[in-house]
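Q: Here it is, the structure in full.
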Amino acid sequence: MSDIYALCTCGSGKKFRFCCQSISTTLEKAYSQARAGQLDSAVRTFDSAIAAQPDRLEIYLHKARLLDALKRRPEAEKALDLALATNANYASAHFLRAQWRMQEGEVPGAAILGRMAVDAYPADSKEQIALVYSFLADVESQMGHPIAARNALRMATRLDPANTNYSSGFEELFGAKSDMPMFIRREYTLLSPPSGSKRRASWDKLAKEHRSGRLSDLARMFTTLATQDSQDPAAVHNAGLINAWLGDNTQALEYLGKYIQLETDPVRKENALVLSEVLSTGHGSEPGDHAQHEFVFLARNPPALDKLLNKFNGEKRFSPYHVDETEQGQTIIEAYFLQMKDAAHGIITPGETAPEEKFARVVAHFNLAMPRVHVSGTDKSIIQGLRDEFAQGLGWTDKEAPVRSTGRLGHLAREPLMVSTQQGVPHEELMARQLAECTKEYELSWPHKKLKSLHGSSPQEAVATPEGKQRVSALIRFHEEASLVGQRIGYSFNRVRRLLGLPTTGTEPQTSVIPPTAVMEQSPQAAFQLAVQANDDAAASSHAKAWLSSPGIEDRFAAANHLARQAQKAGDWVGAMTALESGQATDGGGRKADYLARRGQCLLKLNRLPEACGLFDQLAAGDTPESRQALALAVESLVSAGHGTEAGRLANTGKAQAAKAQNRDLEEHFNELARAAGKI
Ligand SMILES: [Zn+2]
């Protein structure tokens, strides 16, 4: 271990100097045996160390990690069992298991073990607990629990403020520039005890007993308070919120439901209603009002899949908007399935030619990260129909890749999205059509839907009572905050409010709708994003140029990069570089790392290695979270272009920087790149 004051690799949460340094002779011996291929001897070295010092549980951890690295997980599990038999509350064993469950796709199990680890680590192992929290942020977001994911990452930034990976990750996912709906980005806070009441004394008394500040402790405290007095709105609210942070949406909804009955302040009540709507989705929820239907399969026969996708494409109902290949050669395709007018079941029947339409509505999402394919949407019959077509095309049995339904926020932000299916349709026309589609969805269709969150009534019916009015207002705000499409074209949800006789809000312009052209003039950035979303490359390019030449907008990298990619597609690497250079020149120093990496990639394609390396050296001198990520990209391009020496040198620089910043994933990534470079 190079830095003896870094966290020990056994996962104890202590510094190596005060943890496994005393057994470093054993560790070195075992690992050098393993490196020399004497695997059984390495395992025996650990066994005799355990026999000599049975109370040193760290040795079990090292042995388990070694066995796991040797792909002998069942034996590794046994080593952990033995450690846990001595101490059932052994945090590092729980955390290691949590990571294994995650690798195996057993996400709910990973969540439970991760939470156990958080509770079991000593409170002063802050860096280690932060690491577990950042792991839990991933776990919770995979389970569709964005409130718990945000809280976990927030906890990581608080426990280990020096680690900029947490703060920059938080900013990217939940910060001001994130695409996430406001109801996820919002900072929810605990309510204070009722002032001057008798309840205050009970709060103080319990707070003394639960002073650890751990979430699980706080959950117990507020559950007790809420049980003592079920009429104490603040305690009931806090019990709900903390359960949401812990990823227990069922408990959270139960408490929030009670709180909503007790709360008399309309603003707080609406916030709780919106939060309840968010918590009604994700792992463990009923499909409900935000049902998503999906099927997942592994592409075992790529040529057959290719043929099928080509057929869909020929029928003009498949619209790829992101096709890419990672440096490791993994194919990535993201695409929309489009609904054609006059077609039976919304999707045209196989073999039939689509009627010529300028626009089509997105009805399903296709996501391939080779070999995993995921198809999802909100209309069950469409997804079932697509599943049957895939089954036929790929020769599945009836049982393969069944359609599953869950409650997910998934597509909420993008509905109702339109895509133009013909080249050269003016952008204004698409915007106008998109606006019409929003009007249809939110004003004609939604008010008449029977909703679970309105106890089976439609919004139109529910607004007959004061309580119903409040609930419908909250639902409209939920959609307003979720709808990316609505925000980008300037659709005003006050139209829905007026339609249902509800008070309008000041957050949206009072003029009914901003004409699409005005949006474009005001914000070439918004127009660019909409064009990208609509898969209209030509329009996106023209808005990208407008954006690059408009004053006062920071961070134009997306525009410059779009133009570079377009040039690249045409094999014009000089053009690509010019686009990036002019982008960087107007961007006033922002996104410097991304520009350097991309420009270097172009230079490599033009066989101008020394110049490319000059730019990459500037990256290596950066040593910020952004520059390190960009450096990894740069090294990947050097490896794939076959420049082993340069790649190896920069990979080692990156590795040292990642190690110093304690970004283990990135460190390992650089490690792999260095190995790949060594083989060239
Ligand atoms: Zn240790």
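Q: Spot the failing condition for Glu415; the list is (1) closer than 30 Å to Pro303 by Cα; (2) assigned to a loop (DSSP other than H, G, I, E, B); (3) acidic (Asp, Glu), and only one is missed.
A: Among (1) closer than 30 Å to Pro303 by Cα; (2) assigned to a loop (DSSP other than H, G, I, E, B); (3) acidic (Asp, Glu), the lone unmet condition for Glu415 is (1).
Q: Among the candidates Ala76, Ala88, Ala110, which residue alone is outside any helix (DSSP H, G or I), among the hydrophobic types (A, V, I, L, M, F, W, C), within 22 Å of Phe135 (Cβ to Cβ) and more than 16 Å from the ligand (Cβ to nearest atom)?
A: Result of the check over Ala76, Ala88, Ala110: Ala88.
Q: Condition test on Ser12, is it within 16 Å of the ligand (Cβ to nearest atom), over 36 Å from the mean Cα position of the chain (by Cα), among the polar types (S, T, N, Q) and surrounded by 12 or more Cβ atoms within 10 Å (Cβ to Cβ)?
A: no
Q: Related question: Scan (1) in contact with a Leu (Cβ under 8 Å, 6 or more places away or on another chain); (2) at pLDDT below 90; (3) β-branched (Val, Ile, Thr) for the single condition Val574 breaks and write down its number.
A: The number of the failed condition is (2).
Q: Give me the pairs: first residue in region 421-442 and within 25 Å of His479 (Cα to Cα), second residue hydroxyl-bearing (Ser, Thr, Tyr) and modelled with pLDDT under 80, beta-carbon distance under 6 Å, and six or more apart or on different chains, which are they?
A: Glu428/Thr517; Leu430/Ser420
Q: Might you let me know whether region 592-599 holds any residue that is crowded, with 18+ Cβ neighbours inside 10 Å, modelled with pLDDT under 90 and aromatic (Phe, Trp, Tyr)?
A: No, region 592-599 contains no residue that is crowded, with 18+ Cβ neighbours inside 10 Å, modelled with pLDDT under 90 and aromatic (Phe, Trp, Tyr).
Q: Checking Ala64 against (1) among the hydrophobic types (A, V, I, L, M, F, W, C); (2) modelled with pLDDT under 95; (3) out of contact with any Phe, Trp or Tyr (no Cβ under 8 Å at 6 or more places or on another chain); (4) buried (at least 19 other Cβ atoms within 10 Å of the Cβ), which test does it fail?
A: (2)
Q: Right, another one. Please work out which one of (1) surrounded by fewer than 18 Cβ atoms within 10 Å (Cβ to Cβ); (2) in contact with a strand residue (DSSP E or B) (Cβ under 9 Å, 6 or more places away or on another chain) is the condition Gln662 fails and give its number.
A: In the conditions (1) surrounded by fewer than 18 Cβ atoms within 10 Å (Cβ to Cβ); (2) in contact with a strand residue (DSSP E or B) (Cβ under 9 Å, 6 or more places away or on another chain), Gln662 misses (1) alone.
Q: Okay, moving on. Mind checking which residues of region 168-206 are over 30 Å from Arg556 (Cα atoms) and assigned to a helix (DSSP H, G or I)?
A: Correct list: Arg199, Arg200, Ala201, Ser202, Trp203, Asp204, Lys205, Leu206.
Q: Return the pairs, sorted by first residue and then second, in which the second residue is among the basic types (Lys, Arg), the first residue lies in region 287-301 and is farther than 21 Å from Glu400 by Cα, the beta carbons are less than 7 Å apart, and the residues are 6+ apart or on different chains.
A: Here the result reads Gly288/Lys452; Asp289/Lys452; His290/Arg408, each pair linking region 287-301 to a residue that is among the basic types (Lys, Arg).
Q: Continuing with the same structure: Would you be able to tell me the number of residues in region 291-340 that are touching a strand residue (DSSP E or B) at 6+ places or on another chain (Cβ under 9 Å), at pLDDT below 90 and not in a strand (DSSP E or B)?
A: 8
Q: Scan (1) surrounded by 14 or more Cβ atoms within 10 Å (Cβ to Cβ); (2) within 24 Å of Tyr121 (Cα to Cα); (3) more than 16 Å from the ligand (Cβ to nearest atom) for the single condition Asp81 breaks and write down its number.
A: (1)
Q: Quick one: how many residues across region 144-167 are outside any helix (DSSP H, G or I) and either modelled with pLDDT of 95 or more or not assigned by TED's automatic domain parsing to the domain that holds Ala91 (or both)?
A: 1
Q: Of (1) within 12 Å of the ligand (Cβ to nearest atom); (2) in contact (Cβ under 8 Å) with a residue 60 or more places away in the chain, Phe95 satisfies all except one. Which?
A: (1)
Q: If only one of Pro122, Pro181 is under 14 Å from the mean Cα position of the chain (by Cα), surrounded by fewer than 23 Cβ atoms within 10 Å (Cβ to Cβ) and on the phi < 0 side of the Ramachandran plot, which one is it?
A: Of the residues listed, the single one that is under 14 Å from the mean Cα position of the chain (by Cα), surrounded by fewer than 23 Cβ atoms within 10 Å (Cβ to Cβ) and on the phi < 0 side of the Ramachandran plot is Pro181.
Q: For region 356-386, what are the residues that are under 17 Å from Leu298 (Cβ atoms) and touching a His at 6+ places or on another chain (Cβ under 9 Å)?
A: Once the filter is applied, which keeps residues that are under 17 Å from Leu298 (Cβ atoms) and touching a His at 6+ places or on another chain (Cβ under 9 Å), region 356-386 yields Phe366, Asn367, Leu368, His374, Val375, Ser376.
Q: How do the pairs read when you match residues in region 5-20 that are at positive phi with residues anywhere that are more than 6 Å from the ligand (Cβ to nearest atom) and of a type in the set (D, E, K, R), using Cβ under 9 Å and keeping only pairs 6 or more apart or on different chains?
A: Every condition considered, the pairs that remain are Gly11/Arg65; Gly13/Asp124; Gly13/Lys126; Gly13/Glu127.
Q: Let me ask something additional. What's the total number of residues in region 185-233 that are of a type in the set (S, T, N, Q), over 30 Å from Leu173 (Cα atoms) and at pLDDT 85 or above? I'd like the intermediate steps shown before the answer.
A: Filtering region 185-233 down to residues of a type in the set (S, T, N, Q) leaves 189, 192, 195, 197, 202, 212, 216, 223-224, 227-228, 230-231.
Restricting the remaining residues to those that are over 30 Å from Leu173 (Cα atoms) gives 195, 197, 202, 223-224, 227-228, 230-231.
Subset that is at pLDDT 85 or above: 223-224, 227-228, 230-231.
Looking only at that region, the number is 6.
Q: Taking into account only those residues within region 31-41 that are within 39 Å of the chain's Cα centre (by Cα) and surrounded by 14 or more Cβ atoms within 10 Å (Cβ to Cβ), which is nearest to the ligand (Cβ to nearest atom)?
A: Tyr31
Q: Report yes if Glu28 is within 16 Å of the ligand (Cβ to nearest atom), closer than 20 Å to Tyr90 by Cα and among the charged types (D, E, K, R), otherwise no.
A: Taking the combined requirement at face value, the residue does not satisfy it.
Q: While we're looking at this one, here's another question. Quick one: what pairs do we get from region 53-70, first residue within 12 Å of Tyr31 (Cβ to Cβ), second within 11 Å of the ligand (Cβ to nearest atom) and not in a helix (DSSP H, G or I), C-beta under 9 Å, 6+ apart or different chains?
A: Close Cβ pairs (under 9 Å, with a partner that is within 11 Å of the ligand (Cβ to nearest atom) and not in a helix (DSSP H, G or I)) amount to His62/Thr9; His62/Cys10; Arg65/Thr9; Arg65/Cys10; Arg65/Gly11.
Q: A follow-up question, please. Taking the conditions exactly as written (closer than 29 Å to Ser549 by Cβ, assigned to a helix (DSSP H, G or I) and modelled with pLDDT of 90 or more), does Gly614 satisfy them or not?
A: Taking the combined requirement at face value, the residue satisfies it.
Q: Next question. If you go through region 55-73, how many residues are within 16 Å of the ligand (Cβ to nearest atom) and not acidic (Asp, Glu)?
A: The number of residues fulfilling the criteria is 10.
Q: Before we move on, is Ala30 farther than 25 Å from Lys660 by Cα, assigned by TED's automatic domain parsing to the domain that holds Asp119 and either touching an Asp or Glu at 6+ places or on another chain (Cβ under 9 Å) or not in a helix (DSSP H, G or I) (or both)?
A: Taking the combined requirement at face value, the residue does not satisfy it.
The values are calculated or read from the model by the stated rules, or taken from the named source; none is laboratory data. Computed from a predicted structure; not experimentally measured. Because the Cβ atoms are built from the backbone with ideal geometry, glycine has one as well, and the counts that use them run over all protein chains shown.
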